[in-house]
1. Need the failing condition index for I74 against (1) part of a helix (DSSP H, G or I); (2) more than 12 Å from the ligand (Cβ to nearest atom), just the number.
2. Hey, could you check the stretch 262-312 for residues that are small (G, A, S) and not in a loop (DSSP other than H, G, I, E, B) and say which is farthest from F358 (Cα to Cα)?
3. Filter the stretch 129-152 for residues that are out of contact with any helix residue (DSSP H, G or I) (no Cβ under 7 Å at 6 or more places or on another chain) and either closer than 30 Å to G344 by Cα or not aliphatic (A, V, I, L, M) (or both) and give the result.
4. Working carefully through the options D63, D98, D5, find the one that is modelled with pLDDT of 90 or more and of a type in the set (D, E, K, R).
5. Specify the residue that is nearest to R228 (Cα to Cα); the eligible residues are those in the stretch 41-57 that are more than 9 Å from the ligand (Cβ to nearest atom) and at pLDDT 95 or above.
6. How many of the residues making up the stretch 200-235 are assigned to a helix (DSSP H, G or I), under 22 Å from the mean Cα position of the chain (by Cα) and in contact (Cβ under 8 Å) with a residue 24 or more places away in the chain?
7. Between residues in the stretch 1-15 that are over 12 Å from L46 (Cα atoms) and residues that are part of a helix (DSSP H, G or I) and modelled with pLDDT under 90, which pairs lie under 7 Å by C-beta distance while being six or more apart or on different chains?
8. Considering only the stretch 48-67, I want to know if a residue exists there that is part of a helix (DSSP H, G or I), of a type in the set (A, V, I, L, M) and over 19 Å from A174 (Cβ atoms).
Amino acid sequence: MGFKDFLGNETTVRHLRESIAQSRLPHALILTGPRGSGKYTLALMLAQAVNCLNSTESDGLPDFCGTCRNCTRIAEDMQLDARVEEAVATREEMREVDKKDTRILIQTHPDVLVIPPDPPQLLIKVGQVRTVIREIYRVPADAKRAIYIFTSAAFMKEAANSLLKILEEPPAHASIFLLAENTGELLPTIRSRAGIARLGALPLEQLEQHIAGRRSDLSPAKRSLVARLAQGAVGAALGFDLERYLAYRQDALVLLRHATRESDHSVLFRMTETYRAGAEGQEKTQGMLRAMISLLEDLLLIQSGQAVLIRNVDLQAELNTMAASISFDWIENTARSIQQVQSGMRRNLLRSLSLDAFAAEIAVR
Ligand SMILES: [Zn+2]
């Protein structure tokens, strides 16, 4: 474990490690770059390097051991999607009155707080920033430096103004990392008070090469598919369970084919029959819906003339045909139906989940 596991963007990473070495890590730092460029991974690695209890070094610069009590607790944040799903599920179970005042925050280390966009609107909300204001002036207990990571630059207006108040009087013992695909989303007054570090996307070929060295179980064509499905994200690519994804995607395709053209109902019923109630059925449904979302995103890319960016490259011909037969509105509505199913599952409303009903709902009429 260490910065050697962070692929690409060597210059940016070196500058940041130099600033840690000189105790000049900014109070506020914008990490900007496209999706999959490693903003979040790097933010956590910096938090580990600042707080590693074994004062690890490599190439004469601060690094982290990955095994001490600070490193391991911060590393639990790496699986961000899983942590957010847990927090959302906990909130769904609360009484209505408490739900309203509960904001999604991730804290696996007492002095490292991750602030993701709060669902369903997926914006950073003022309640989340208020928690940061309450916490950030507290001297860290276990960390040398407290770290606050905002994983999105999509702030509600009031939330952005509250953040600005912190940046006007930042405490000496904390750093705020702001992750942004586009710095234009942040208020100019926030940008002017923060340092900035830019990350470029990892080229697909470089990611494929990296996968080749570590996933010899995959053929070159499959490695290429995994690199795209992981959207350039190294960690996601190395852990990608392709067989499982392809099984889910096959079922998602049955639903899409059924919805978009005349098809044999028995194929649909044979597929939906395999989705049973209970935890196993829920996990399977979630996997299938996620695969369906990636197909819908590809259909949108094809419709907007950006077919070169699609992820499910092995299905290009079929997706082209499908994209020509459906409207933008249908894709939007189908995406919304998927969100409703996902939200129903989180609230345990779908004990008798009916994929047949879902299939009828999204069918093009
Ligand atoms: Zn450590």
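The values are calculated or read from the model by the stated rules, or taken from the named source; none is laboratory data. The shown structure was predicted, so the numbers you read here are calculated from the model rather than taken from an experiment. So basically every Cβ, Gly included, is an ideal-geometry build from the backbone, and we count neighbours across all protein chains shown.
1. (2) is the only condition that I74 fails.
2. Ranking the qualifying residues of the stretch 262-312, first place goes to A307.
3. Within the stretch 129-152, T131, R134, E135, Y137, R138, P140, F150, S152 meet the criteria.
4. Among D63, D98, D5, only D63 is modelled with pLDDT of 90 or more and of a type in the set (D, E, K, R).
5. L42
6. Of the residues in the stretch 200-235, 11 are assigned to a helix (DSSP H, G or I), under 22 Å from the mean Cα position of the chain (by Cα) and in contact (Cβ under 8 Å) with a residue 24 or more places away in the chain.
7. Short answer, once both residue conditions are applied: L7/H210; L7/V234; G8/Q206.
8. No, every residue in the stretch 48-67 fails to be part of a helix (DSSP H, G or I), of a type in the set (A, V, I, L, M) and over 19 Å from A174 (Cβ atoms).
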